[in-house]
1. Would a scan of segment 73-86 turn up a residue that is at pLDDT 90 or above, assigned to a loop (DSSP other than H, G, I, E, B), at positive phi and open to solvent by less than 10 Å² (accessible area, probe 1.4 Å)?
2. Within segment 157-174, is there a residue that is open to solvent by 100 Å² or more (accessible area, probe 1.4 Å) and touching an Asp or Glu at 6+ places or on another chain (Cβ under 9 Å)?
3. Quick one: which strands (runs of 3 or more DSSP E) lie wholly within segment 91-184 and hold at least 1 residues that are aromatic (F, W, Y)?
4. So how many residues does segment 95-106 have that are more than 17 Å from G145 (Cβ to Cβ) and surrounded by fewer than 16 Cβ atoms within 10 Å (Cβ to Cβ)?
5. Please work out if R96 is at negative phi, under 19 Å from the mean Cα position of the chain (by Cα) and modelled with pLDDT of 90 or more.
6. Identify, by number, the condition in (1) closer than 27 Å to L194 by Cβ; (2) touching a residue at least 12 places away in the same chain (Cβ under 8 Å); (3) not β-branched (V, I, T) that N54 doesn't meet.
7. Being on the phi < 0 side of the Ramachandran plot and loosely packed, with under 14 Cβ neighbours inside 10 Å is the filter here; which residues of segment 20-51 pass it?
8. Restricting to segment 9-42, name every residue that is at pLDDT 90 or above, out of contact with any Gly (no Cβ under 8 Å at 6 or more places or on another chain) and not in a helix (DSSP H, G or I).
Amino acid sequence: MEEKEISQAVIGRLPRYFRYLGELRDESVERISSQELSEFMHVTASQIRQDFNNFGGFGQQGYGYNVEYLYDEIGKILGLDKQHNFIIVGAGNLGRALGNYLNFERRGFIFKGIFDKDETLVGQSVRGVRIMNMDELDSFVRENGIDIAVLTLPKTSAADIADRLVENGVRAIWNFAHVDLNVPEGVQVENVHLSDSLMKLSYNINRYMKENDK
């Protein structure tokens, strides 16, 4: 049977469901209704039920959702039951900060390597992982089964590096470089433009101030 096409809006909410359910599980909450979950997430109960129905529902009439089961099932949908090896290209402040983020491993994302062309950085380490020269990138990706690459480098070199990564088998790119990448079909790219997010915040502040000045 052909797999149902899921909207990006629904997919975008799955990590939030996973995060909130994880917090509930840690607090030993065993079950929760869609209405109770909506109060945590600020999403309507109807929307929650619609989202979960895309994947089979998960709930029982009159019972609600088993928190542990729902947490595990959403984790599987997100692919968090599998291990993904990732590297970081660009060992500046952002690259090193991401390399030091321990929560990646808890979600199955294994930090394997970090690269930079700056010779003053090469040889230093980030959480025990040595910063390597860009000359080592291609062979390292091939030999270590790297699934995901994180780009935290200037936009002028991001496109060329992305091409090299794809040629060597990388299937997904988490792109912090301020440029949109053109990659072959089947290679997944998640763009994170920090300044875009900040400008969106600025817009919302400005709109709120205007509305309250009336």
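The values are calculated or read from the model by the stated rules, or taken from the named source; none is laboratory data. Because the structure is a prediction, the values reported are computed rather than measured. Positions of Cβ are generated from backbone atoms using ideal geometry, with glycine treated the same way; all protein chains shown enter the neighbour counts. Quick note on the areas: whole protein, heavy atoms, side chains included, nothing else; ligands and nucleic acids left out. Shrake-Rupley method; radii C 1.70, N 1.55, O 1.52, S 1.80 Å.
1. no
2. Yes, the conditions are met somewhere in segment 157-174.
3. Ranges flagged: 109-116, 172-175.
4. Of the residues in that region, 6 qualify.
5. Yes; evaluated as a whole, the condition is true for this residue.
6. Of everything listed in (1) closer than 27 Å to L194 by Cβ; (2) touching a residue at least 12 places away in the same chain (Cβ under 8 Å); (3) not β-branched (V, I, T), N54 misses just condition (1).
7. Residues satisfying the conditions are E23, D26, E27, V29, E30, Q35, E39, T44, S46, Q50.
8. Within segment 9-42, E27, S28, V29, E30 meet the criteria.
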